[in-house]
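Engineer: Here it is: the structure, laid out below.
Since every read-out is calculated from the coordinates, none of them should be taken as a lab result. Worth saying up front: this structure is predicted, and the values here are computed from it rather than measured. Note that each Cβ is placed from the backbone with ideal geometry, even for glycine, and that neighbours are counted across all protein chains shown.
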Amino acid sequence: IGLTFHDHISKIVSVGFYHLRCIASIKKYLPHESLAALVHAFVTSRIDFCNSILYGLPSIEITRLQKLQNQAARVLTNSTRRDHITPILRELHWLPVHQRIRYKMLTLAYRAVHNTPAYLALPSRSNIRHTRSSTAPTLERRNAKKRSAGDRTFSVAAPCLWNALPVAVRVIHDLHKFQQSIKSILFREAFGL
């Protein structure tokens with residue numbers, strides 16, 4: 001059976017497209033700000049809700065969510081299916097779905113490192129040598145017992161993502177600044193900037 005979340009994603013996609021059809025039918029009566037609020041409330045919030053559990057899923061599952069996000073961007077910008085979606089997402093400053101999932105995982109990892117009681121914290125490695133980068137928290141990567149599902153667990157995936165961040169980002173102690181920094185990094189990765 002496995003943890004594919006196929007049914008979960010199917011539900012998100014079907015409900016999201018239903019709401020997009022309803023929003024598209026009334027969008028000519030709404031100002032742009034109200035249209036954007038409806039799209040965020042009914043569609044993108046569903047894509048983002050608990051999306052960290054989708055980390056490491058096969059790309060075919062993530063692609064289904066990406067199609068929903070693409071259609072939401074088209075409804076919001078009044079563009080057609082023939083218009084290329086990458087410039088539209090870049091203009092809206094929306095990360096692609098796989099990057100949104102990484103963003104959520106990194107935010108949760110930040111909270112696990114900085115704002116968590118000791119009994120819930122992720123294990124960290126201390127550097128023996130005293131260098132500037134030794135002040136940056138480095139998380140200890142655990143080995144997964146099962147290759148497919150085990151690599152997707154938070155205790156395995158979060159340290160990999162966290163340790164791949166630049167040291168300058170890992171030492172930030174303000175959550176909002178950290179989120180801005182990782183969004184910039186993921187945005188540049190996604191759109192080749």
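Engineer: Compute the distance from the alpha-carbon center of the range 82-99 to that of the range 176-193, in whole Å.
Structural biologist: 14
Engineer: When all C-alpha to C-alpha distances in the range 1-123 are sorted into bins of 10 Å, what percent of pairs does each bin hold, rounded to whole numbers?
Structural biologist: Per 10 Å bin, starting at 0, the Cα pair percentages come out as 12, 39, 31, 14, 4, 0.
Engineer: While we're here: Within the set of other residues whose C-beta is less than 13 Å from the C-beta of Phe187, count the net charge using Lys and Arg as +1 and Asp and Glu as -1.
Structural biologist: Surrounding charge for Phe187 is +3.
Engineer: Work out, step by step, the length gained on full extension between His84 and Glu189: first 0.36 nm times the residue separation, then minus their alpha carbon distance; give nm to one decimal.
Structural biologist: Taking His84 through Glu189 to full extension adds about 36.0 nm, to one decimal.
Engineer: Continuing with this model, one more query. To one decimal place, what orientation-averaged projected area in nm² is obtained for the convex hull of the Cα set of the range 60-117?
Structural biologist: 5.1
Engineer: With the cut-off at 26 Å, tell me which of the pairs Lys27/Lys67; Lys28/Lys67; Lys27/Lys183 have Cα atoms farther apart than that.
Structural biologist: Pairs exceeding the cut-off: Lys27/Lys183.
Engineer: Here's another thing I want to ask about it. Under the rule of at least 5 residues apart or a separate chain, name every residue whose amide H is placed under 5 Å from the amide H of Thr138.
Structural biologist: Excluding prolines and chain starts, which carry no amide H, the hits are Arg125.
Engineer: Given the alpha-carbon gyration tensor of the range 8-72, what are the semi-axes of its equivalent ellipsoid in whole angstrom, ordered largest first, with each equal to the square root of 5 times an eigenvalue?
Structural biologist: 24, 11, 9
Engineer: If you take the beta carbon distance between His93 and Ser25 as r and set R0 to 22 Å, what does 1/(1 + (r/R0)^6) give as a FRET efficiency, to the nearest 0.05? Mind showing how you got there, number by number?
Structural biologist: Working: r = 26 Å, r/R0 = 1.20.
After rounding, the FRET efficiency stands at 0.25.
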